[in-house]
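Engineer: I'd like to ask you about the structure that follows.
Read-outs throughout are calculated quantities, based only on the coordinates presented, and are distinct from any laboratory measurement. Note that this is a predicted model, so its numbers are computed, not measured. Note: ideal-geometry Cβ built from the backbone for every residue, glycine included; neighbour counts use all protein chains shown.
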Amino acid sequence: MDETAIAFEGPNARAKATAGPDPRDRISVRDYVVEVEIGAFQAERGVRQRIRFNVVLEVAATTAAQDDDVDKVISYDTITEAIDMQLADERINLLETLAERVAERCLADPRAIRAFVRIEKLDRIPGTLGVEIVRSKPAPDIPRLHNPAKPAQADAVPHPLVVFLSNAVLQSEHLPQWLDAIAAHVLPAIICVEMVPQPAPVAANKLAQRRIDLLAIEQNAWSLAARDKRCVVVASRTELDWAMKHGQLSVWAPSKIVLDAVESPRADARHPAELALWFAEHFHAAKLAVIGHTAPQAGADMPVVTLDIGEIHRL
């Protein structure tokens, strides 16, 4: 078929057009519409818009039809759950990224071979804006020799120790000892700080003020990193996961994770201990230690300890 002729056809037509001499079976979900906050532009933050999914999976042949056995086929829920789980997992800026993640989740099923994913925004213009990708399951890796000395979950992300350091701690003579204790802790550590002591600019726009306040925290994070070379400012989940696996002492710059969260934290930058608690829960921390500040509200899913500035030995 002429590629131009099918450029605006549905993924099912494109799948058929690109099939080989022995076409595979396909399952599809068409016109699956959900409302979600997505987009890289400021005008798209805090606003839900409709996006439409069309997904086709090429699957390995089975005897399901002959046996009339539902357990032998990929359920349509495989596609809808891949979409719903991805949308619930994180806020995404780009349709391209969302399409990649949905395709990856669909291809995790061992019976799926190739995925066609089209996603369209329905509310940005009078027409539609969209992307379409085609992804195939990667070739199997060369078998590796089993290494019994390596734990099966060695690459799993650990549960960190989250430590909130107040400005009183950052300005005290005890700061070097606190950093020594945090760096030496058995758990990988992530430090949270509050806004810089200087008054932040005041904006009439609520969303603008939110960004200003988050940036005031990041100013403090960079100030701490400048004082101790062990402290590295990190902003994304990927950076934090890498840092925890490699024993890096991280200082959280909150803007990206807070603004990209599917469910924004109730606490804002002006309630920094509560924001640190949200972050600790978000990262499934083993413990939150609040140093030199009022304890956040109860109800956390992990232990929360509140320590005075001099209680370094209790960490």
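Engineer: What three numbers, in Å, describe the spread of the alpha carbons of the chain along their principal axes, ordered from the longest?
Structural biologist: Here the Cα extents, ordered largest to smallest, are 74, 58, 34 Å.
Engineer: Once you've got the Cα coordinates, tell me which of Lys121/Lys256; Lys137/Lys287; Lys229/Lys287; Lys206/Lys256; Lys206/Lys229 are over 29 Å apart. Please report the intermediate quantities before stating the final value.
Structural biologist: Details: Lys121/Lys256 23 Å; Lys137/Lys287 39 Å; Lys229/Lys287 24 Å; Lys206/Lys256 17 Å; Lys206/Lys229 35 Å.
The answer is Lys137/Lys287; Lys206/Lys229.
Engineer: When the Debye formula is applied to the Cα atoms of the stretch 161-314, each taken as the same point scatterer, what base-10 log of I(q)/I(0) results at q = 0.15, 0.16, 0.19 Å⁻¹?
Structural biologist: Relative scattering, expressed as log10 I(q)/I(0), comes to -0.73, -0.84, -1.23.
Engineer: If I take R0 = 51 Å and measure r between the Cβ atoms of Asp228 and Glu96 in this structure, what FRET efficiency does the formula 1/(1 + (r/R0)^6) give, to the nearest 0.05? It would help to have the intermediate numbers written out before the result.
Structural biologist: Numbers: r = 38 Å, r/R0 = 0.75.
Rounded to the nearest 0.05, the efficiency is 0.85.
Engineer: So, by mean Cβ neighbours within 10 angstrom, what's the order for 97-104, 232-239 with the highest one leading?
Structural biologist: On the way: 97-104: 20.0, 232-239: 15.4.
My ranking of the peptides, most packed first, is 97-104, 232-239.
Engineer: Turning to a different aspect of this structure: Just to confirm the filter: which trypsin sites (Lys or Arg not before Pro) across the stretch 241-315 are DSSP coil and have at most 12 other Cβ within 10 angstrom of their Cβ? Can you show the working numbers first?
Structural biologist: Values: sites: Lys245, Lys256, Arg266, Arg270, Lys287, Arg314; in loops: Arg266, Arg270.
Sites meeting the loop and neighbour criteria: Arg266.
Engineer: Another question about this same structure. Counting other Cβ atoms within 10 Å of each Cβ, which trypsin sites (Lys or Arg not before Pro) in the stretch 9-49 have at most 15 and sit in a DSSP loop? All intermediate terms of the calculation are to be shown ahead of the outcome.
Structural biologist: Values: sites: Arg14, Lys16, Arg24, Arg26, Arg30, Arg45, Arg48; in loops: Arg24, Arg45, Arg48.
Counting only loop positions with at most 15 other Cβ atoms within 10 Å, the trypsin sites (Lys or Arg not before Pro) in the stretch 9-49 are Arg24, Arg48.
Engineer: Determine the gain in length on full extension of the stretch Glu104-Asp268; use 0.36 nm per residue of separation and subtract their C-alpha separation, reporting nm with one decimal.
Structural biologist: Gain on stretching Glu104 to Asp268: 55.7 nm.
Engineer: Using a Förster distance of 45 angstrom, determine the FRET efficiency expected from the C-beta separation of Ala204 and Val131, and round it to 0.05. Before the final figure, lay out the partial values.
Structural biologist: Values: r = 36 Å, r/R0 = 0.80.
Once the sixth-power term is evaluated, E becomes 0.80.
Engineer: Oh, and also: Based only on Cα atoms, what mean projected area does the convex hull of the stretch 3-136 have, in nm²?
Structural biologist: Averaged projected hull area, Cα only: 9.0 nm².
Engineer: With a ≥ b ≥ c the root eigenvalues of the C-alpha gyration tensor of the stretch 174-217, is it rounded (a/c under 1.5), prolate (a/b larger than b/c) or oblate? The partial results should precede the final answer.
Structural biologist: Numbers: a/c = 8.20, a/b = 2.58, b/c = 3.18.
In terms of gyration-tensor shape, oblate.
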